[in-house]
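A.B. asks: A single structure is presented below for examination.
What follows draws every value from the coordinates through simple rules; no lab data is involved. Everything quoted here is computed from the prediction, not taken from an experiment. Backbone-built Cβ (ideal geometry, glycine too); neighbour counts: all protein chains shown.
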Amino acid sequence: MDDNSKQQTQARKGISTREQARAPIPQEEDRAALLNYYYQMVLVRRFEEKSGEMYNRARIGGYCHLNLGEEATVVGFSAGLAPDDYVYTNYREHGYALARGLPPGAVMAELFGKDTGSSRGRGGSMHLFDRERRFMGGYAIVGGQLPLATGAAFALAYRAAHEIVACQMGDGTTNTGAFHESLNLAKIYALPIVYFVVNNQYGMGLRVERGSAVSELYRKACAYDMQSWRVDGNDVLAVRDAVRKAAALAREKHEPSLIEAVSFRFRGHSVVDPDRYRNPQEVQEGRAHDPIEAFATRLADAGLLDEKERRKLDEKAEHEVDAAVKFAEDSPFPSVDEFMAGLEGYVYAPAETGEEGA
Amino acid sequence: MAEITYRQALHDALREELLRDEHVFLLGEEIGVFEGSYKITAGLLTEFGPRRVVDTPIVENGFVGMAVGAAMLGLRPIVEIMTINFIVLAMDQIVNQAAKIYAMFGGQCPVPLVIRTPGGGGQQLAATHSQNLEVWFAHVPGLKVVAPSTPADAKGLLRASVRDNNPVIFLENLALYNVKGEAPRDDYMVPIGKAQVTKEGADLTVISYSRMAAVALDVARRLEQENRLSVEVVDLRSLRPLDRETIVNSVRKTNRAIVFEEDWRSFGIGAEIAALLQEEAFDDLDAPIKRVASLEVPLPYSKPLELATLTGSKQLIEAINELAPRRRRRVNHGRNNHAPAQ
């Protein structure tokens with residue numbers, strides 16, 4: 001609790017957490033893991049840039065929300081969890097899916113509406129899902145994933161399982177009834193769950209201060225006597241460490257907790273949003289604190305990543321995204337005939353499945 | 001076979017499912033320590049403990065969603081919503097989440113969930129505690145909706161609902177809880193999506209569900225005893241999927257149909273069935289289909305007003321008398337035809 005209150009005090013004083021993002025990398029960090037974080041962040045960046053491009057070329061329909069600028073938050077979140085933990089997210093989830101190991105091709109194919117997509121082209125950008133990897137879905141109704149994730153944690157507690165649930169959401173979600181109902185339920189039932197608020201400072205176009213009576217969002221958890229922390233969402237290690245700490249609490253003590261990662265959206269709410277409500281200077285400044293650049297500098301300063309190696313990783317990510325696009329392009333659309341012939345099976349689960357959980 | 005109440009039938013089915021399958025658990029407001037607002041779950045907390053019988057705070061969206069999430073991981077939650085009026089608070093989790101998850105994620109994740117809830121008016125509970133909102137759910141692909149009218153069907157359908165791998169809205173009715181009927185065998189199951197002809201008849205068909213199906217059966221039996229009319233009664237039992245075949249077959253035989261429902265008429269279950277019949281049995285109809293439903297107003301509290309608002313056996317008998325073949329109409333006796341039309 002001391003640690004918690006110290007961090008809360010720091011956050012309240014408005015100490016710029018951006019200083020942390022430039023701090024030297026601790027000696028004990030594993031180089032391979034660090035380079036993997038870097039690679040994952042670049043992969044998300046390239047994937048999202050490509051998603052925007054493919055949207056503009058009309059390969060992707062509907063809404064499309066990108067994780068650009070949030071890469072450290074996304075990768076740090078995933079890195080703090082065990083591979084068999086369950087993840088629920090909102091609709092800005094491409095990066096989370098990639099970080100949880102969904103093949104980039106399956107994600108891009110889903111955006112393209114192809115049969116090889118992670119939801120077989122039935123869900124699209126906002127509804128990625130992979131049961132095998134325990135990526136339990138992107139959810140497009142703000143707050144919709146919170147009761148679901150809380151219920152998944154309930155099931156884990158019911159079975160006395162060792163896994164936990166991590167539930168990502170945006171800043172605007174903390175104003176919904178589902179948020180408050182879920183935190184309360186998680187606390188009274190002592191559920192193994194981590195609530196992870198990505199505060200990118202805007203709910204669509206509404207600034208956090210205008211939409212939330214409490215703009216330091218992590219403080220809302222105190223209403224449920226729940227530990228909470230605010231971390232710099234531009235610092236992949238800080239995010240990872242916070243998630244690790246929260247995950248350990250959930251796993252070992254069945255204590256739910258909440259993390260607020262302060263992040264920044266490089267572009268508008270979705271790819272079609274011209275982003276007119278933000279001050280250009282603010283956007284410029286936000287983009288200047290690029291989490292990938294900051295991390296690369298830290299790695300270089302620690303002698304862990306030189307220019308040549310960086311270029312190699314960047315190119316690898318580029319290739320992986322190109323391959324994902326090619327896979328999506330080459331994949332077939334779902335067959336309309338098969339779809340029409342099997343509507344019942346599309347909507348309803350058959351009798352013989354569903355006995356055992358994921 | 002011994003007779004038990006509808007309440008007891010539900011209780012027995014819950015208990016047997018809890019005994020049968022460790023994945024099954026109950027949750028809802030006041031179902032444990034309080035033993036249920038309508039005592040369906042009486043004694044179950046004592047028998048099964050707080051892990052299997054979970055009292056929730058008053059957060060319908062929260063705990064319904066929690067049940068959906070638990071079902072996603074393979075548990076089989078049975079939720080009690082104290083009355084259907086409160087289900088409105090959980091619409092996001094039912095309509096936007098539970099009904100979509102299996103289809104939207106490409107068939108990767110079934111949601112084996114039952115939500116039990118009573119509807120119905122007539123208890124002087126006024127506008128916010130007396131509604132019949134089942135049509136909202138019957139409208140939504142991805143949900144199943146069942147509405148038993150007898151203790152046997154309550155038991156058989158509840159067992160089938162718990163074993164289904166999809167979200168099922170299980171509609172009960174406050175005025176049915178004390179109704180008695182024959183107790184079925186332990187392994188009795190009623191398949192979801194199958195209507196039942198609860199009484200055969202030749203003159204016309206009354207199509208109904210839940211409490212009104214019980215009222216309709218009572219009226220039909222009375223009319224037969226009085227040797228006045230031969231009324232066939234179709235108890236839908238399931239609203240989604242709807243057993244179109246049984247409905248159409250009955251009306252093809254009798255050529256006349258009344259849909260009798262406790263909910264509001266416009267956009268109701270009756271509207272759907274009338275549309276179905278004109279699509280599938282147009283040439284077999286000898287008269288326009290009648291809909292007998294409650295007045296389209298928020299239900300008033302005062303007893304005389306409440307009685308005037310809700311539909312019931314009186315309204316059904318009136319409709320039957322209007323629709324019955326002329327040769328069988330009680331009021332006619334060959335003379336009314338000459339009465340002035342005023």
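A.B. asks: Count, for each residue of A:118-131, the Cβ atoms from other chains sitting within 10 Å of its Cβ, then give me the mean as a whole number. Write out the running numbers ahead of the final one.
C.D. replies: Values: counts 3, 6, 6, 1, 8, 7, 1, 0, 1, 5, 1, 6, 3, 6.
Across A:118-131, the average partner-chain Cβ count within 10 Å equals 4.
A.B. asks: I would also like to ask the following. Points 7 angstrom from Cα along the Cβ direction at A:Thr297 and A:Arg276: gap in nanometres?
C.D. replies: 3.4 nm
A.B. asks: Another question, if that's okay. For a quick check: with amide H placed at 1.01 Å from N, whose amide H comes under 5 Å from A:Tyr139's, ignoring anything fewer than 5 positions away on the same chain?
C.D. replies: Here A:Thr89, A:Asn90, A:Tyr91 satisfy the definition.
A.B. asks: Could you pull out which residues in the range B:131-154 have an amide N less than 15 Å from a spot 7 Å beyond the Cα of B:Ser37, following the Cα-Cβ vector?
C.D. replies: Once the point is set 7 Å along Cα→Cβ of B:Ser37, B:131-133 turn out to lie under 15 Å by backbone N, inside the range B:131-154.
A.B. asks: Between A:Glu252 and B:Lys253, what is the spin-label point distance in nm, taking each point 7 Å from the Cα along the Cα→C-beta axis?
C.D. replies: Roughly 7.0 nm, to one decimal.
A.B. asks: Inside 10 Å of the C-beta atoms of B:55-68, what's the mean count of C-beta atoms belonging to other chains? Kindly include the intermediate steps, with their values, before the conclusion.
C.D. replies: Working: counts 1, 3, 4, 1, 8, 1, 9, 14, 7, 2, 13, 16, 5, 5.
The mean count of partner-chain Cβ atoms within 10 Å per residue comes to 6.
A.B. asks: So how do B:106-117, A:172-183, A:143-154 stack up, highest first, on mean other-Cβ count within 10 Å? Spell out each step's value before the answer.
C.D. replies: Working: B:106-117: 24.4, A:172-183: 22.9, A:143-154: 30.8.
Per-residue Cβ counts within 10 Å, averaged per peptide and sorted highest first, yield A:143-154, B:106-117, A:172-183.
A.B. asks: Long-range amide H contacts for B:Val145: which residues qualify at under 5 Å (H placed 1.01 Å from N, peptide plane, sequence gap of 5 or more or a different chain)?
C.D. replies: Amide H neighbours of B:Val145, under 5 Å, 5+ apart: B:Ile169, B:Leu239, B:Arg240.
A.B. asks: Name the residue from B:Gly69, A:Val87, A:Ser263 whose Cα lies farthest towards the positive end of the charge dipole of the protein assembly as shown, charges +1 on Cβ of Lys and Arg and -1 on Cβ of Asp and Glu.
C.D. replies: So the residue furthest toward the plus end is B:Gly69.
A.B. asks: Where the only charges are on Cβ atoms (+1 Lys, Arg; -1 Asp, Glu), what is the dipole of the range A:182-286 about its Cα centre, to the nearest 20 debye? Walk me through the numbers before you get to the answer.
C.D. replies: Numbers: 15 positive and 13 negative charges, 41 e Å.
Taking the Cα centre of the range A:182-286 as origin, the dipole is about 200 debye.
A.B. asks: Here's another thing I want to ask about it. Taking the Cα centre of the range B:196-325 as origin and charging only Cβ (+1 Lys, Arg; -1 Asp, Glu), how large is the dipole, in debye to the nearest 20?
C.D. replies: Numbers: 16 positive and 22 negative charges, 68 e Å.
Approximately 320 debye in magnitude.
A.B. asks: Can you give the FRET efficiency to the nearest 0.05 for A:Ala351 and A:Asp84, using r as the Cβ-Cβ distance and R₀ = 22 Å? Working shown, then result.
C.D. replies: Details: r = 28 Å, r/R0 = 1.28.
Step by step, r from the Cβ atoms, then E = 0.20.
A.B. asks: May I pose another question? Answer with one residue from B:Ile78, B:Leu277, A:Gly233: the one whose Cα lies farthest towards the positive end of the charge dipole of the protein assembly as shown, charges on Cβ with Lys, Arg +1 and Asp, Glu -1.
C.D. replies: Checked the options; the winner is B:Leu277.
A.B. asks: Put +1 on the Cβ of every Lys and Arg and -1 on every Asp and Glu Cβ in the protein assembly as shown; which of A:Leu146, B:Ala126, A:Gly286 then has its Cα farthest towards the positive end of the dipole?
C.D. replies: Result: B:Ala126, furthest along the dipole toward the positive end.
A.B. asks: Here is a follow-up. Pairs to check: B:Lys100/B:Lys253; B:Lys100/B:Lys290; B:Lys144/B:Lys253; B:Lys39/B:Lys144. Give those whose C-alpha atoms are more than 31 Å from each other in this structure.
C.D. replies: Working: B:Lys100/B:Lys253 38 Å; B:Lys100/B:Lys290 34 Å; B:Lys144/B:Lys253 28 Å; B:Lys39/B:Lys144 25 Å.
Going by Cα-Cα distance, B:Lys100/B:Lys253; B:Lys100/B:Lys290 fall outside the 31 Å limit.
A.B. asks: Pull out the extension gain between A:Arg57 and A:Phe333, defined as 0.36 nm times the separation in residues minus the alpha carbon to alpha carbon distance; nm, one decimal. Kindly include the intermediate steps, with their values, before the conclusion.
C.D. replies: Values: separation 276, 0.36 × 276 = 99.36 nm, distance 1.72 nm.
Gain on stretching A:Arg57 to A:Phe333: 97.6 nm.
A.B. asks: A follow-up question, please. Which of the helices in chain A meet the span-like rule: DSSP H, Cα axial reach of 20 Å or more, Kyte-Doolittle mean at least -0.5? Spell out each step's value before the answer.
C.D. replies: Details: long enough: A:31-56 (38 Å, -0.57); A:236-253 (25 Å, 0.15); A:307-330 (34 Å, -1.55).
The answer, listed by residue number, is A:236-253.
A.B. asks: A further question on this structure: Sorted by packing (mean other beta-carbon atoms within 10 Å per residue), highest first, where do A:320-331, A:267-278 land? Display every interim value, and only then the final one.
C.D. replies: On the way: A:320-331: 17.8, A:267-278: 14.9.
Going from most to least packed, we get A:320-331, A:267-278.
A.B. asks: Give the cross-link partners of A:Lys308 among the lysines, using a straight C-alpha distance below 18 Å as the criterion and excluding same-chain residues fewer than 8 apart.
C.D. replies: A:Lys316
A.B. asks: OK, next. Using r as the Cβ-Cβ distance of A:Ala161 and A:Ala190, and R0 as 22 Å, what FRET efficiency do you calculate, to the nearest 0.05? Walk me through the numbers before you get to the answer.
C.D. replies: Details: r = 14 Å, r/R0 = 0.63.
Efficiency for this residue pair is about 0.95.
A.B. asks: Quote the FRET efficiency, to the nearest 0.05, computed for A:Ala213 versus B:Arg244 with a Förster distance R0 of 41 Å and r equal to the Cβ-Cβ distance. Mind showing how you got there, number by number?
C.D. replies: Details: r = 53 Å, r/R0 = 1.28.
The pair A:Ala213/B:Arg244 has a calculated efficiency of 0.20.
A.B. asks: What is the mean number of Cβ atoms from other protein chains located within 10 Å of the Cβ atom of each residue in peptide A:157-169, rounded to a whole number?
C.D. replies: Values: counts 2, 10, 5, 0, 1, 0, 1, 0, 2, 0, 1, 0, 0.
Mean partner shielding for this stretch: 2.
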